[in-house]
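The values are calculated or read from the model by the stated rules, or taken from the named source; none is laboratory data. The structure displayed is predicted, hence computed values, not measured ones. No Cβ is skipped: glycine too gets one built from the backbone with ideal geometry, and neighbour counts run over all protein chains shown.
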Amino acid sequence: MRITNFILSFMFLLFAAVQYNDPDPLIWICIYTYAAIMCLLAGLGKYYKILLIAGILFSFVWAITLAASIFLAFKNYGAGSLFSFSMIKDTEVEEARESLGLIIVSAVLLWKFWEGKRKLSY
């Protein structure tokens, strides 16, 4: 598990690094860096309940608020628009991609919470 946590931490840092050209880069750099730090700490055997819960709630609630964009993007552009490297500059596609990123963050943080359930620090 330790190596997996370090790999996830590195991947989230890469996700943060490519946000520089996003319309709102600072918030996304912070979100992905937060997930990277939580994975790094998990790799070091440190699990902080309040930080994990806060991250899960923040990312999941925000993902829910953007979830309607996923359906609109599917309807207007098809599934390929979410995973394509083409630069579709549409609000629905941008928000749908952001929602999927938030779902990934919340899922990984939930996994870290579950993983450290017995080792949680307060």
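A single member of 109, 66, 52, 82 is over 22 Å from residue 2 (Cβ atoms), modelled with pLDDT of 75 or more and touching a Leu at 6+ places or on another chain (Cβ under 9 Å), and it is 66. Hey, among the residues in region 1-10 that are of a type in the set (A, V, I, L, M) and either in contact with a Cys (Cβ under 9 Å, 6 or more places away or on another chain) or in a helix (DSSP H, G or I) (or both), which one's surrounded by the fewest Cβ atoms within 10 Å (Cβ to Cβ)? Among those that are of a type in the set (A, V, I, L, M) and either in contact with a Cys (Cβ under 9 Å, 6 or more places away or on another chain) or in a helix (DSSP H, G or I) (or both), it is 3.
Taking region 11-48, which residues are surrounded by 14 or more Cβ atoms within 10 Å (Cβ to Cβ), more than 13 Å from the chain's Cα centre (by Cα) and part of a helix (DSSP H, G or I)? 40, 41, 42, 43 - these are the residues of region 11-48 that are surrounded by 14 or more Cβ atoms within 10 Å (Cβ to Cβ), more than 13 Å from the chain's Cα centre (by Cα) and part of a helix (DSSP H, G or I). Would a scan of region 44-60 turn up a residue that is within 17 Å of residue 11 (Cα to Cα) and of a type in the set (A, V, I, L, M, F, W, C)? So far as region 44-60 goes, yes, one or more of its residues are within 17 Å of residue 11 (Cα to Cα) and of a type in the set (A, V, I, L, M, F, W, C). Being within 21 Å of the chain's Cα centre (by Cα), polar (S, T, N, Q), modelled with pLDDT of 70 or more and surrounded by 12 or more Cβ atoms within 10 Å (Cβ to Cβ) is a property that holds for residue 99.
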